[in-house]
Amino acid sequence: MKHFLSFEDFSREEILEIIDISRKIKAELLNDVKIPHLAGKVLAMIFEKSSTRTRVSFETGFYQLGGHPIFLSSRDIQLGRGEPIRDTAKVISSMSNMIMIRTFGHDRIEELAKYSAVPVINGLTDLCHPVQVLADYLTILEEGFENPIISYVGDGNNMTNSLIMFSAKMGFEIRIATPKNYEPNNIILEKAKKIAEISGSKIYLFNSPEEAVKNSDVVITDTWISMGMEDEKEQRIRDFKNYIVDDNLMTLTNKKSIFLHCLPAYRGYEVSESVIDGEKSRIYNEAENRLHAQKGLMVWLNKNLKI
Ligand code: CP
Ligand code: NVA
């Protein structure tokens, strides 16, 4: 049985299999065909942080696959009052077929997975956000980029870490621009560089957004203040002031480049209104693709329960 906690545990072939299923299921849905791959199954969705897209896409997706999703806010379940993760994992997995969790420290999801009898999916931790990157990749493919040069400007956060590990596995070139002291996670970076030696991926770190985005096909950014970092807001706004993705920056990219943002976005901070609402932006396709990508993932996990 396989969990989906990060791209580290997945091969390029497995990622492609997931995306293949996602594309097929998306095409079927557009023709009003809904195959109940997960009929009679239950998905427990635990949220220790807020969410719009993750909740709606998992809940809708699991329902469309014929199953029943249960929304569990940590404000309402005993986990939020200090019940151990180990007990929560054993109890919930004894009554459900899959668990999705959005939480803080990555150690929390690792512990949940360790004691869960069913596959656990990462719906975002402080360390990574791999389901978002699956949706980003589906969007990138739909735009016709088979071997994209990806650039990321801003905070070296959970999105950045997942984009790096994903690109390393896939053999893509990824260029990251962050201010000093806001670099991505060093352990992930070192692991990704080793994987890149085999996959042919190129991973570059810059401090200059201009250097990073030069000739890239896809420009990605994210909020400067991730969930749980609210106390650092003023300092971060000062430190990131030169890292806005605006029209000037976009002119340095490939003519056919696109702009992605996992959302929620803060216009005028990490991205200008003209870019996020402009012709290169694919943010709403990207958000919708959360639904399709995660359906592919859940069908894949269910099919591969024996590995
Ligand atoms: N992108 C993303 O995960 O959005 P939510 O926080 O709304 O789930
Ligand atoms: N980096 C952001 C992503 C939100 C979907 C956060 O962790 O808050």
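Restricting to region 278-307, count the residues that are part of a helix (DSSP H, G or I) and either under 17 Å from the mean Cα position of the chain (by Cα) or farther than 16 Å from THR60 by Cα (or both). Looking only at that region, the number is 20.
Output yes when any residue across region 47-56 is away from ligand 2 (no atom under 16 Å from the Cβ) and at pLDDT 95 or above, and no when none is. No, there is no match, as no residue in region 47-56 is away from ligand 2 (no atom under 16 Å from the Cβ) and at pLDDT 95 or above. Restricted to region 164-179, and to residues there that are touching a Phe, Trp or Tyr at 6+ places or on another chain (Cβ under 9 Å) and assigned to a loop (DSSP other than H, G, I, E, B), the residue that is nearest to SER22 (Cα to Cα) is PHE172. In region 26-74, of all residues being within 16 Å of ligand 1 (Cβ to nearest atom) and charged (D, E, K, R), the one that is nearest to the chain's Cα centre (by Cα) corresponds to ARG53. Residues that are within 16 Å of ligand 1 (Cβ to nearest atom) and either more than 22 Å from HIS106 (Cα to Cα) or not in a helix (DSSP H, G or I) (or both) do occur in region 156-163, at least one of them. Every test in (1) within 14 Å of ligand 2 (Cβ to nearest atom); (2) surrounded by 20 or more Cβ atoms within 10 Å (Cβ to Cβ); (3) not acidic (Asp, Glu) is passed by TYR182 save one, and that test is (2).
Look at (1) within 16 Å of ligand 2 (Cβ to nearest atom); (2) crowded, with 20+ Cβ neighbours inside 10 Å and you find that ARG175 fails only one, number (1).
Of the residues making up region 90-105, just one is more than 13 Å from MET45 (Cβ to Cβ) and either in contact with a Pro (Cβ under 6 Å, 6 or more places away or on another chain) or within 16 Å of ligand 1 (Cβ to nearest atom) (or both), namely PHE104.
The values are calculated or read from the model by the stated rules, or taken from the named source; none is laboratory data. Computed from a prediction, not measured in an experiment: that's the story for all the values here. Cβ sites come from the backbone with ideal geometry, for glycine too, and all protein chains shown count toward neighbours.
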